[in-house]
Amino acid sequence: VGRSGRITPVLELAPVQLDDHRVQRVSVGSLARWKQLDIRPGDQVEVVLAGLTIPRLQSVAWRTRQRATVTPPDPLTHGRLSCWQAVPGCEQQFRARLLWLGGKQGLQLDGLGADTWQALIDAGLIHRMLDWMDLTPAQLSAVPGLGARRGTALAKVFAGARDRPFARWLGALGMPPGDADGLSGWAALSSRGAADWQALDGIAAGRANQLVAFFSHPDVRALAVRLHAAGVQGF
């Protein structure tokens, strides 16, 4: 489950070599395609390279006789504004939100990949989206697989996130695309109604409603309060 709530099945493969690329994961594309192909653990699939670098699932080459039961996440319980905490049923989308937050579209936190976020979650240090902001070098160093040097470096990266620009923080939190130019802070944006958003070029009714829903959502508002308390610009 991605941060937007879209369910995108990904296959974990026994490592295969395609030209110069070692492939261990490949996207199925959509939940509907996974159901159509009926891929189960133990099946063998055909994978090709698209554009010379991107692995792409081509077909199912061979199926196991014993079909293991696979229960995908319920699309009705996941959406753009679900899973802001690490609660049962939200594990994948919550981690996807953290990946987005720390990635190039968000705060650009160096060295924060899926494995590191998962290690922090498994260690019980992250339950909500912004718990990482309060982690100390000692707490991070005690996480299995990190150590003192890595823990100290991560603490510096986390501390530096407070200085990221307001617009970058909005992107990191998953604000739907919308023009925030000329508005210097959260209060101005969160007070906008659908008609105000539609008055901007390129924003139709659907996008305007998404923006209003985002800024009015209780979990998002709680994040804004937390960022204000941390002294982050714009909140």
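The values are calculated or read from the model by the stated rules, or taken from the named source; none is laboratory data. Because the structure is a prediction, the values reported are computed rather than measured. With ideal geometry, Cβ positions are generated from the backbone for all residues, glycine too; neighbour counts draw on all protein chains shown. What goes into the accessible areas is simple: the full protein's heavy atoms, side chains included, and nothing from ligands, DNA or RNA. Shrake-Rupley method; radii C 1.70, N 1.55, O 1.52, S 1.80 Å.
Would you mind calculating the relative contact order of region 192-235 from Cα pairs under 8 angstrom and at least 6 residues apart, reporting the percent as a whole number? Kindly include the intermediate steps, with their values, before the conclusion.
Values: 22 pairs, mean separation 11.4, N = 44.
Relative contact order, region 192-235: 26 percent.
Of L49, L109, the order by accessible heavy-atom surface (1.4 Å probe, DNA, RNA and ligands excluded), from most exposed downward, is L49, L109. Of the residues T69, T53, T8, the one with the largest accessible area comes first in the ranking T69, T53, T8, computed with a 1.4 Å probe on protein heavy atoms.
In the chain the Cα-Cα distances spread across 5 Å bins starting at 0 as 1, 6, 12, 14, 15, 15, 13, 11, 8, 4, 1, 0, 0 percent of all pairs.
Using only Cα atoms, locate the centre of region 104-172 and the centre of region 47-103, then give the distance between them in Å, rounded to an integer. Taking the Cα centre of each part, region 104-172 and region 47-103 sit 23 Å apart.
Any idea of the accessible area per residue across the chain, 1.4 Å probe, to the nearest Å²?
Per residue, the chain has 55 Å² of solvent-accessible surface.
Of the solvent-accessible surface of region 38-113, computed with a 1.4 Å probe over protein heavy atoms with every protein chain present, carbon and sulfur atoms account for 53 percent.
Largest accessible area first, the residues S216, S30 order themselves as S216, S30 under a 1.4 Å probe with ligands, DNA and RNA left out. Only Cα pairs under 8 Å and 6+ residues apart enter the sum, and on that basis the relative contact order of region 13-115 stands at 15 percent. Based on Cα contacts under 8 Å between residues 6+ apart, the chain shows a relative contact order of 14 percent.
Each of A50, V143, P218 was scored by the projection of its Cα onto the charge dipole of the chain, and the greatest displacement toward the positive side belongs to V143; charges sit on the C-beta of Lys, Arg, Asp and Glu. Annotation: amide H-H contacts under 5 Å for V47 (H modelled 1.01 Å from N, sequence separation of 5 or more, or interchain): Q58. The phi-based Karplus calculation (6.51 cos²θ - 1.76 cosθ + 1.60; θ = phi - 60°) puts the 3J(HN,Hα) values of region 24-35 at 10, 9, 8, 6, 7, x, 7, 5, 5, 5, 4, 5 Hz, whole numbers, x for Gly and Pro.
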